[in-house]
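Before any comments, here is the structure.
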Amino acid sequence: MWFLNDKDDIRSSYFLEEVATEFDIQGLELDWTCVAWDGDLFYYNNEWNYRKFKGTKWQNINSPEITNYLINSYRVLLTRARQGMVIYIPNGNNEDVTRQEFMYDGTFEFFKSLGIEEI
């Protein structure tokens, strides 16, 4: 289990060098986690939007099966923490078409409306 390795392994929990996917952490319970939220699942105009980054741009997901897969990926990531979790939502940048502000701001505001504390 690479995350339990000591300070000599950059994959260990001593560092923030490696990102673990839903496959890496399936069945794993951690005391604290940090979930990085991206533009593939975002809240905008009072609804959830589902996208996949392909080539050089985001493409809408229209398949119910792929949408469910995406939702379940986040579900797995959001259910690994036993004591607490940080959800990291990056700032958007309208000068970068791959991470425009509306993709992140709506999700951020949605989580705040649920009572999740901003730190």
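Looking at this structure, is ASN60 open to solvent by 40 Å² or more (accessible area, probe 1.4 Å), polar (S, T, N, Q) and in contact with a strand residue (DSSP E or B) (Cβ under 9 Å, 6 or more places away or on another chain)?
Yes, satisfied.
So is LYS112 modelled with pLDDT under 95, open to solvent by 70 Å² or more (accessible area, probe 1.4 Å), more than 13 Å from the chain's Cα centre (by Cα) and of a type in the set (Lys, Arg) or not?
No.
I'd like to check something: does the range 59-69 contain any residue that is over 23 Å from GLY27 (Cβ atoms), part of a strand (DSSP E or B) and at pLDDT 95 or above?
Looking for residues that are over 23 Å from GLY27 (Cβ atoms), part of a strand (DSSP E or B) and at pLDDT 95 or above, one finds at least one in the range 59-69, hence yes.
Here is a yes/no grid of residues against (1) farther than 18 Å from GLY106 by Cβ; (2) open to solvent by less than 40 Å² (accessible area, probe 1.4 Å); (3) among the hydroxyl-bearing types (Ser, Thr, Tyr); (4) over 10 Å from the mean Cα position of the chain (by Cα):
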site: LEU41; (1), (2), (3), (4): no, yes, no, no
site: GLU47; (1), (2), (3), (4): no, no, no, yes
site: LYS54; (1), (2), (3), (4): yes, no, no, yes
site: ASN68; (1), (2), (3), (4): yes, no, no, yes
site: SER73; (1), (2), (3), (4): yes, yes, yes, no
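Considering only residues that are modelled with pLDDT of 95 or more and of a type in the set (D, E, K, R), look in the range 24-51 and name the one that is nearest to MET103 (Cα to Cα).
Looking at the filtered set, the residue picked out is ASP40.
Can you give me the number of residues within the range 101-118 that are touching a residue at least 12 places away in the same chain (Cβ under 8 Å) and closer than 13 Å to TYR44 by Cβ?
9
Tally time: how many residues in the range 80-104 are hydroxyl-bearing (Ser, Thr, Tyr) and either touching an Asp or Glu at 6+ places or on another chain (Cβ under 9 Å) or surrounded by 12 or more Cβ atoms within 10 Å (Cβ to Cβ) (or both)?
Residues meeting the conditions: 2.
The values are calculated or read from the model by the stated rules, or taken from the named source; none is laboratory data. All of these numbers come straight from a predicted model, not from anything done at the bench. Counting neighbours? That spans all protein chains shown, and the Cβs are built from the backbone with ideal geometry, glycine included. To get the accessible areas, we keep the full protein, side chains included, count just its heavy atoms, and leave off ligands, DNA and RNA. Shrake-Rupley method; radii C 1.70, N 1.55, O 1.52, S 1.80 Å.
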